[in-house]
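Visitor: Here it is, the structure in full.
Derivation of every value follows stated rules applied to the coordinates shown; laboratory data play no part. The structure presented is a predicted model; accordingly, all values stated were derived computationally and were not measured. Neighbour counts are summed over all protein chains in view; Cβ atoms, including those assigned to glycine, are modelled from backbone coordinates with ideal geometry.
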Amino acid sequence: HKGEVGTMALNDALRGRLNPRGPELVRGSAVFRAGDKVLQTRNNYEKDVFNGDLGIVVAVDPEQGELMVDFDGRDVAYDRTDLDELSPAYAISVHKSQGSEYPAVIVPLLTQHYVMLRRNLIYTALTRARRLAVLISPKRALAVGLGKSGAEKRFTHLRFRLQEKFNR
């Protein structure tokens, strides 16, 4: 999420270009303006919104500490205590995009994201696009990512733990 093409930096830059003005509601490092794209980050059964739902902030009341988000034509109210359930959604991580599709997807890859450069994540990112996928990457970062399958062995010692637990 960090770095020059991490979701935090991209969200700030994109908001600055696409939605630069208007009243703001600030909670910690999160800033919300009317017109912002947001992502619901956990299930809230009371509000009938769920992890991965995308919405648009339609109203902000900084004095009351409230905002309204439109989720597919349904307005949902949030107060200051609920704002940690929302995150900016101009740019989202591959993990947060899983299970969703978008008309267009732009995927930046840099070698500084070495741990995340894996063939399965590149595939997941590119297959989120319905019509257009754009991959922006130096050749080296792409080569590293395509060379790592993501299926490396994990040494969790689960077998030994289970044997120890049940072979008493």
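Visitor: Please compute the length gained on full extension between ALA59 and ASN44, using 0.36 nm multiplied by the number of residues separating them and subtracting their Cα-Cα distance.
Guide: Extra length from ALA59 to ASN44 when fully extended: 3.4 nm.
Visitor: May I pose another question? Cα centroids of region 83-103 and region 16-58: how far apart, whole angstrom?
Guide: Computed from Cα coordinates, the inter-centre distance equals 11 Å.
Visitor: In Å, what Kirkwood hydrodynamic radius results for the chain from the alpha-carbon pair distances?
Guide: This gives a value of 18.2 Å.
Visitor: Lys and Arg at +1, Asp and Glu at -1: add these up for the other residues within a Cβ distance under 13 Å of ILE122 and post the number.
Guide: So the surrounding residues net to +4.
Visitor: I need GLU66, GLU46 ordered by Cβ neighbour count within 10 Å, fewest first.
Guide: GLU46, GLU66
Visitor: If you don't mind, there's one more thing I want to ask. Let me know the shape class of region 99-166, please: from the alpha-carbon gyration tensor, a ≥ b ≥ c as square roots of the eigenvalues, rounded when a/c is under 1.5, otherwise prolate if a/b is greater than b/c, or oblate.
Guide: The shape class here is oblate.
Visitor: Along the charge dipole of region 77-141, pointing to its positive end and built from +1/-1 on Cβ of Lys, Arg, Asp and Glu, which listed residue (LEU126, PRO138, LEU83) has its Cα farthest out?
Guide: After comparing all options, I get PRO138.
Visitor: Using alpha-carbon pairs under 8 Å, 6+ residues apart, how would you state the relative contact order of the chain in percent?
Guide: 16 percent
Visitor: Follow-up. Just rank TYR123, TYR90, TYR78, fewest to most, by other beta-carbon atoms within 10 angstrom.
Guide: TYR123, TYR90, TYR78
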